[in-house]
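Working notes for the structure below.
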Amino acid sequence: MGLKGYVIKRALLAIITLYIVITLNFFIFRVLSPMKDPSSLIIDPGSMRAEQIEILRNLWGLNRPLFPDQYLLYLWNLFTWNYGLSFGQPPTPIAPEMSWRLVNTLMVLGAAVIGTILVGIPLGLLAGSRRGSKTDVSVIGVGLFTWGVPTFFVQILFILLFSYGWNRWFGFPLIAPFGVISLPPPQDPLKYTLDVAWHAAGPIITLVIAGFGSWALYTRNMIVDALTEDFIVTAQAKGVKARDILYKHAFRSILPPIATIIAMAIPGVVTGAIITEQIFSWPGIGAWYIEALNIGNHPVAQAVLYNYAVLMIIANLFADLLYGTLDPRIRVGMRR
């Protein structure tokens, strides 16, 4: 099977997987939910006339048969990226609110993921290349500590020290304790941007502190194993420079699994760090999803899970194709 056949096979498998996931997403909320009829969560028969109830049920398509009518409407809303209307009075379109919340989440989680990668992987390389040294021991100790301490504890401590504590000691908070923008918001575009960045700094920094340790330890362990391989010993015997051995040989050999982990981290950027968004009162996708589950807002929860499923499947497909680019052994296997 050549590269073309491999790509087609993986793409078809991704499409089938997505269809199964979104179908389960529909029936889990509509059939297995404790409230079999979602209208009972949003419509109070005692305060509405029968005509009003019928209008609302027709608006959400709840007066149609569950299958195929409601199911096909659900598929249409997802595949057109419309998502339909959220449960509520008045009903509101999901797509516009999804858009601005997604921007907020990407702002924080995207920067945090990039930060953890840029900090964790170089530290892991540094520690692995100096196995047994003080640098190695320090990276392992810090990595294990940050990996083991709960993220929410780091964030609460960070707020206490650098927001409330700093404000008490120096008269101003070093980081914003909550929210996206100050009230009243600055009118100048530059000041507005800087104010948003100031509010985003706390969630980003704490997520990087809590997350870089796992990247450092994983990279360090893989690079230590790679440096003991026969091809590394051969390169050393040939007199290849230590820097070239580390980056052009050892690091290149561990790129496929690292690329897979990076690809798998991308979907988490969209769902958001739920606890982080709640601690910092950051209105993102994660906090919105939890709110939707708590009040039984099925269309919102289904829309968030759909986006997560799409990104997860695309990330898996991207990782599989990336493997073929980074690892020559897989390319040879494709041609057989």
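The values are calculated or read from the model by the stated rules, or taken from the named source; none is laboratory data. The model shown is predicted, which means the values in this text are computed figures rather than measured ones. Every residue, glycine among them, receives a Cβ derived from its backbone with ideal geometry; neighbour counts consider all protein chains shown.
Looking only at residues in region 104-120 that are under 14 Å from the mean Cα position of the chain (by Cα) and not aliphatic (A, V, I, L, M), which one is farthest from I140 (Cα to Cα)? Here the answer is N104.
Of all residues in region 167-186, those satisfying the criterion of being closer than 15 Å to A201 by Cβ and of a type in the set (A, V, I, L, M) are L174, I175, A176, V180, I181. Each residue in region 154-201 was checked for being assigned to a helix (DSSP H, G or I), small (G, A, S) and without any contact (Cβ under 8 Å) to a residue 40 or more places away in the chain, and 4 pass. Of all the criteria given as (1) crowded, with 18+ Cβ neighbours inside 10 Å; (2) of a type in the set (S, T, Y); (3) modelled with pLDDT of 80 or more, the one not satisfied by T271 is (3). When region 218-236 is filtered for residues that are part of a helix (DSSP H, G or I) and either within 9 Å of G128 (Cα to Cα) or charged (D, E, K, R) (or both), the ones remaining, listed by number, are T219, R220, N221, M222, I223, V224, D225, D230.
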